[in-house]
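Trainee: Input: one structure, supplied below.
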Amino acid sequence: MSDEQQNAVPAEKPTRSRRPLLIGGAIVAAIALVGGGVAVGLGLGDDEGVPVGEPSSEGTPGASVPAAPEQTASSEPTPTPSASAPAGAADADALLAVIATATAAEQAEGDAVRLEARGDGTLEVDFETADGAETEVTVAADGTASVTDRDPGDADDVPVGALDEPTVRALVDAVFAAGEGTVIELGVDDDRDSPYDATVLAADGATIEFDLDPDFAVIDVDQDE
């Protein structure tokens, strides 16, 4: 070997491109996204300088997913829960107990002339004086009573009677003679031909309204299914 060959500097080896490493990293990222439930189409850069990560014009089968359709608010109204049926009472003693509780409420004036069960479990008892002044008392499910409304009223509309014990018992007996159920309303008004009315909730859910004459005879019945 000559001295020139021994002293010659070896030619520098070509530097390996790092591009395959970048491409490999892009593939791993795409697989990770698909495995996590999101599919993304990634284009691999070619020799002409297409950046890695740009969408591919050819696409990869199964790699892309169409965008989810835009969700719009429903035009249908939100259903409103219906009120529960009034509790009422199944006998005269229970109705008289409610009236007694309401009568003891502070500022309750006059005679009880109407009792009505509400869907929220409370009962309303209306009182009226001889000059027509009205007081509304609400009896809660726990037995507490409070005045919830007052009205000067009108002396010309004073009921012809009151919901005293004999009247309540006679009304309950009359309506229950037509069938069992739960009394959800009793009332006395100023109509001298049919001063009494009662409403019963039957076992099948039907609401039955009764009009009664001064002798507690049923003179009209209206049933609402």
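The values are calculated or read from the model by the stated rules, or taken from the named source; none is laboratory data. Remember, predicted model here, so these are calculated numbers, not experimental data. All Cβ positions, even for glycine, are placed from backbone atoms using ideal geometry, and neighbour counts span all protein chains on display.
Trainee: Only one of 155, 202 is closer than 15 Å to residue 90 by Cα, in the same structural domain as residue 110 (by TED's automatic domain parsing) and surrounded by fewer than 17 Cβ atoms within 10 Å (Cβ to Cβ); which? Give the steps one after another, and end with the answer.
Mentor: On the way: 155 fails: closer than 15 Å to residue 90 by Cα.
Just one listed residue meets the conditions, 202.
Trainee: In this structure, is residue 209 assigned to a strand (DSSP E or B), in the same structural domain as residue 132 (by TED's automatic domain parsing) and surrounded by fewer than 18 Cβ atoms within 10 Å (Cβ to Cβ)? Let's see the steps before the verdict.
Mentor: Values: assigned to a strand (DSSP E or B): yes; in the same structural domain as residue 132 (by TED's automatic domain parsing): yes; surrounded by fewer than 18 Cβ atoms within 10 Å (Cβ to Cβ): yes.
Criteria met by residue 209.
Trainee: If you check 112, 117, which single one turns out to be among the small types (Gly, Ala, Ser) and either in contact with a Ser or Thr (Cβ under 7 Å, 6 or more places away or on another chain) or farther than 20 Å from residue 199 by Cβ (or both)? Full working, then the answer.
Mentor: On the way: 117 fails: either in contact with a Ser or Thr (Cβ under 7 Å, 6 or more places away or on another chain) or farther than 20 Å from residue 199 by Cβ (or both).
Selected residue: 112, the only one of 112, 117 that is among the small types (Gly, Ala, Ser) and either in contact with a Ser or Thr (Cβ under 7 Å, 6 or more places away or on another chain) or farther than 20 Å from residue 199 by Cβ (or both).
Trainee: Considering only region 102-146, state which residues are crowded, with 17+ Cβ neighbours inside 10 Å, among the small types (Gly, Ala, Ser) and in contact (Cβ under 8 Å) with a residue 40 or more places away in the chain.
Mentor: Within region 102-146, 102, 105, 112, 117, 145 meet the criteria.
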